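For reference, the structure discussed in these notes is given below.
The values are calculated or read from the model by the stated rules, or taken from the named source; none is laboratory data. Treat the numbers as computed from the prediction; the structure is a model and nothing was measured. Every residue, glycine among them, receives a Cβ derived from its backbone with ideal geometry; neighbour counts consider all protein chains shown. We work out accessible area using only protein heavy atoms, side chains counted, and drop any ligands, DNA or RNA first. Shrake-Rupley method; radii C 1.70, N 1.55, O 1.52, S 1.80 Å.
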Amino acid sequence: MILNYSEHGMNIEDTNNEIREVHKSLKVFSNARKFIIVENKEIVKACRESINAAHSANASLPGAGSDQLKKSKEKAFKAAYLLKKVQKRLKTDYGKSWRQDLNEFLFDSEQEVVEAFTLMNILNERGTTRELSFKIKDSSYETSKAKVKVSDRAYIFGLLDCIGELKRVVLDLQNRQDLDTAKKMFEQMYNLFTKLEVFTEYSNSISELKRKIDVARYVVNETGKLFQK
C-alpha cells in the first residue's frame with residue numbers, strides 16, 4: 001500500500017479508498033487460503049492412497065502386485081491433477097504473485113505429491129523431476145499428457161520424506177526373501193540421500209531442512225545395518 005501525502009496532510013477520502021483496497025486485498029488472500037486448505041485434504045489423501053498401494057504391490061509376490069501398481073499410479077496422477085487445478089485457479093483468482101504470497105499453504109500438498117511420485121517411479125525404475133509428468137482423461141475420455149511444477153523446497157522435502165518410504169520397501173523385500181532387489185533398492189536409497197545431503201549448507205535459510213536431513217540420514221544408516229549382519 002502506497003500512502004500519498006500532500007503539504008496539507010492526507011485526504012480523508014484517500015484514507016477511505018485505501019482502507020477499502022486493503023479490505024479487498026485481505027479478503028482475496030483469505031479466500032485463496034481457505035480454498036487451498038480444503039483442496040489440500042483431497043490431494044494429500046490421494047497421495048497417501050498412492051503410497052499405500054505402492055507398498056502393497058512391493059510386498060506382493062512377483063507378478064501379483066500389478067493391480068496395486070496401477071492403483072498407485074492412478075492415485076498419484078489424481079493428486080497431480082488436483083494440484084495442477086489448484087495452481088491454475090490461484091494464478092487466475094489471485095494473480096501472478098500467488099506463489100510468493102501463498103506458497104506456504106500449498107507446500108504440504110506439493111511435498112506429498114513429490115513423495116508419492118518418487119516412490120512410484122523408483123518402484124517402476126524411473127526417476128522423478130521437479131516438473132512432474134502425468135496423464136489425465138478429459139471430458140471426451142481422451143487421455144492427454146500434463147505437467148505440474150512444484151517449489152524447490154517442496155521437491156527437496158518430498159524426496160527426503162521418500163527415503164523413509166524406501167526403508168519400508170527394503171524391509172518388505174527382505175521379508176519375501178528377495179535379498180538382491182532389497183540391496184539394489186538400498187543402494188538407490190543411499191545414492192538419493194547423498195545427493196540431498198549437500199543441501200545442508202542451506203539449513204540456516206530453509207526452516208526444518210536440517211531436521212529433515214538428519215532424520216533421513218538416521219533412516220539410511222539404520223537400513224544399512226540390515227546388510228551388515
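Structure values in brief
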| item | result |
| --- | --- |
| Val44 being surrounded by 13 or more Cβ atoms within 10 Å (Cβ to Cβ) and at pLDDT 95 or above | yes |
| Which listed residue, of Glu13, Glu49, is more than 18 Å from Glu104 (Cα to Cα), at pLDDT 90 or above and not in a strand (DSSP E or B) | Glu49 |
| Selection count where residues are assigned to a helix (DSSP H, G or I) and open to solvent by 60 Å² or more (accessible area, probe 1.4 Å), scope the range 52-66 | 2 |
| Test for Leu83: is it buried (at least 23 other Cβ atoms within 10 Å of the Cβ) and over 26 Å from Met185 (Cβ atoms) | yes |
| Residue match in the range 105-126 (condition: over 14 Å from the mean Cα position of the chain (by Cα), over 26 Å from Lys184 (Cβ atoms) and not in a loop (DSSP other than H, G, I, E, B)) | no |
| Meets criteria (without any contact (Cβ under 8 Å) to a residue 40 or more places away in the chain, more than 22 Å from the chain's Cα centre (by Cα) and in a helix (DSSP H, G or I)) for Glu187 | yes |
| Cβ-Cβ under 6 Å pairs, at least 6 apart or on other chains, the range 78-101 side free of Cβ contacts under 8 Å to residues at least 24 places away in the same chain and part of a helix (DSSP H, G or I), far side crowded, with 18+ Cβ neighbours inside 10 Å and hydrophobic (A, V, I, L, M, F, W, C) | Lys91/Trp98 |
| Any hit, the range 107-119, residues being touching a residue at least 60 places away in the same chain (Cβ under 8 Å), open to solvent by less than 10 Å² (accessible area, probe 1.4 Å) and farther than 27 Å from Ala32 by Cα | yes |
| Count of residues meeting criterion [closer than 24 Å to Lys41 by Cβ and surrounded by fewer than 24 Cβ atoms within 10 Å (Cβ to Cβ)] in the range 132-149 | 8 |
